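Every read-out reported here was derived from the displayed coordinates using simple, explicitly stated rules and does not represent laboratory data. In this text, all values refer to a predicted model and were calculated from it rather than measured experimentally. Ideal geometry is used to build each Cβ from the backbone, glycine not excepted, and the neighbour counts take in all protein chains shown.
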Amino acid sequence: MANVDVPTVNPVGDGLVLLYGAIILLVLSWTFFLARLGVRIWKKAWGMDDYFMSVGIVLFTVTASLCIVCCYYGSGQFSAVLPPLTMAKGVKLFYIAEYFYAVSAMFIKISVAVTLLRIASGQRPIEWALWLIIGATIIAAIVFCVGIANICHPISTLWGEATGKCNLQLNTNVSLFFSAVEIATDFSLSILPAILLWNVQMKGKVKALVAVMLGLASFASCATLVRLKFLTLYSDPGEFMYGTGKIGFWSLTEEGIGIIAGSMPALRPLLSIRIRITTGSSKTPGGASGSAYPPQSFHSRNTPSRPGIMMDTFQVLNDHDEPESDGDSQRKIVVETKYSVTSSKMDTPKGVQGLPR
């Protein structure tokens, strides 16, 4: 097939949805990841979770790219309207994408779990739960990859380059197992932050960020649930490409939302950027009023005019205003500040009871 010019088709139906969905998710996930990258470099707080997410988004990009190409080889379309060579090429590409999907999902979830481990430092039950999630995610990815590697013997039988035996039910079974683990870990990773921050006092902006993050994590779990519904389409060998449209879309949705939700905690320092307004001082020449006392004295009858706001003195607080790194701030969410106020009574000097007439 390598020496044959394989015809392409125009994406329609589920294939068109997969095409646009993959492009949108790629743009959004890379936008949030690059923002995360910038904040980490700015705060000098690069950690292991960032390494895992970097690998995850690269693998996700490969998965999405393969799905985009599959759209031009019949993804989401019935076999009756597809040329045999086109369908064979599409099956091969989507089969390769399944490996990248599983490994990408593993790295994304490990990244989120490691982020929560940084926050839950010292809380043993939550730490053990997170390590259990990491272990289950790794095992599920290994089982999935080994399972789909054995659905056909030889594997090229799947796309028609060889003659052998295939068990597409195995593909369905391992996909169901992988999805079940994904659902359990997704819901766990969306619930644990709420448990961690239940009694924590936070600013309104931080609460809003946490709420959005938890909502996105829950939506990623729902995407996996929807994907679960279409996995039985794998069992029909004649319509494999038709099933890839729906399965591919919800698989990418799950991972893309996972990258966005996993990158949002790292963006928390952006909420602390604020505008400081400084004021200028008005200058009054001493002795110009003819008074025996300078205008700044409390003896003066003329109250100095209130200084105006200089509109050219806006400045954004930078890293020097907040020396604490992002990694430290995730460990110290609640900061208690005490203020001590003292007052002194100013006595009027003797002999100064009023202005001379």
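Some values worked out for this structure:
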read-out	value
Alpha carbon centroid spacing (whole Å) that separates the stretch 98-134 from the stretch 135-179	25 Å
Relative contact order [Cα under 8 Å, 6+ residues apart], the stretch 13-266, whole percent	29 percent
Residues residue 20 and residue 236, FRET efficiency given R0 of 25 Å [Cβ-Cβ distance, rounded to 0.05]	0.45
Rotationally averaged projected area of the stretch 13-266 (alpha carbon convex hull; nm²)	13.4 nm²
Ranking of 46, 250, 128, 198 by count of other Cβ atoms within 10 Å, fewest first	198, 128, 46, 250
Protection proxy ranking, peptides 226-235, 11-20, average beta carbon neighbours within 10 Å, highest first	11-20, 226-235
Virtual spin-label span in nm between residue 81 and residue 198, 7 Å along Cα→Cβ	5.3 nm
